[in-house]
Every structure is written in C-alpha cells, then in structure tokens.
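Here's the structure, in structure tokens; my notes come after.
Where a number appears in this text, it was derived from the coordinates with a stated rule and is not lab data. Only a predicted model underlies this, so the values are computations on that prediction, with no experimental measurement involved. In this analysis, Cβ positions are derived from the backbone assuming ideal geometry, glycine residues included, and neighbour counts consider all displayed protein chains.
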Amino acid sequence: MLVPARPPGPAKYHTRLMHGNTAHDPATTPTELDSAEAGLSVLIEEWQRAVEELGSVLPPGQLRALLIIEKVGRLNLTGLARKLGASPSATSRLCDRLAVAGLLLREPAPSSRREITLQLSESGQRLVSWIRDRRGETLARVLGSMSPEGRRDLARGLSELAGSG
C-alpha cells in the first residue's frame, strides 16, 4: 500500500498513519491498516450512497449544517462556520438558503442584540430526524451482514475512535 508523503487530514493523525503508532498499540501492522481501510471503504460507500439519495432533498453542505446545528442545539454563525470549515460569509449565504426553505431559524441572541443564533425550525427538525432514520437504515443493513462479534468489535473500535478526536 502506497502512503502519500503527507496524507490529508489533521496533523495529529499523520504520525499514526505513516509510522504505525497508536496510543494503545505501537505495532499497528500493514495488514491491520489494510483491513481497516477495506472495512471503512464499505461503510463509506454505503454512507455516500445514502447521502446521494438525499441529495435530491438537500445539498451535502446544507445537510452538514443542519446536522451540526441539530447536534449542538443553538449556535452562532461564526461557530457554525468554524465547524463547517467555511468562511462566515459563505456560511451566512448557506443559512439564508436554509432559512428561506423554512429549515432554519435565525434569532437574536439573548446576550447580545448584534449576535444571531441559529436553530432548526420544526421542519428542519423533522427533516434531520428523517435523514438520521435513512442513514440508520443504511447502517443497519451494512451491520446486518456482519457477525454479532464483528458488530461488537466494530462498535467498540468506533467508540474508541470517536473519543480520540
């Protein structure tokens, strides 16, 4: 397997990828990396297929914004821009489109009249719930092809990964 000189993503992962070092097992083997990559490819392809099916409902950037806002509850435009990795002006335009579609509410912050907070409208909450249901169905279908032991190991490993970020 060819490893690029500088893999994409946060720098804290580069050492792990290039030198096989992890916090718990300093001897990650190329076989383990290949297996993880193959398994993640299956999950990512299925996930992307589910997102593509949703694409006719909502563009990916808007979908990400709604999912972030739903997870956080309320946040300001700058906070959303930071989480999206986008400029405040691009994020503002994205939020304008979501508000026009009736999926997002923009309200003055209780602490500052100049600051605007973002939260999902009822329609936005219903759409996010529907999206999570579709993604859950896709994930259940993929996981259903695995053994119970494999599912437990995957859940444990992904929980560990989620906690490391």
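Below, the figures for the structure above:
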quantity	calculated
Selection from Leu118, Leu105, Thr91, by position along the positive dipole direction of the stretch 60-126 (Cβ)	Thr91
FRET efficiency, Ser89 to Ser147 (Cβ-Cβ, R0 45 Å, nearest 0.05)	0.35
For the stretch 60-126, fraction of C-alpha pairs farther apart than 19 Å, in %	20 percent
Under-5 Å amide H pairs with Asn76, H placed in peptide plane, nonlocal only	Leu118
Simple Cβ-charge dipole of the stretch 38-165, Lys/Arg +1 and Asp/Glu -1, about Cα centre, in debye nearest 20	420 debye
Cβ-based exposure ranking for Lys83, Lys71, in which fewest neighbours within 10 Å come first	Lys71, Lys83
Proximal charge balance of Gly144 [Cβ under 11 Å; K/R count +1, D/E count -1]	+1
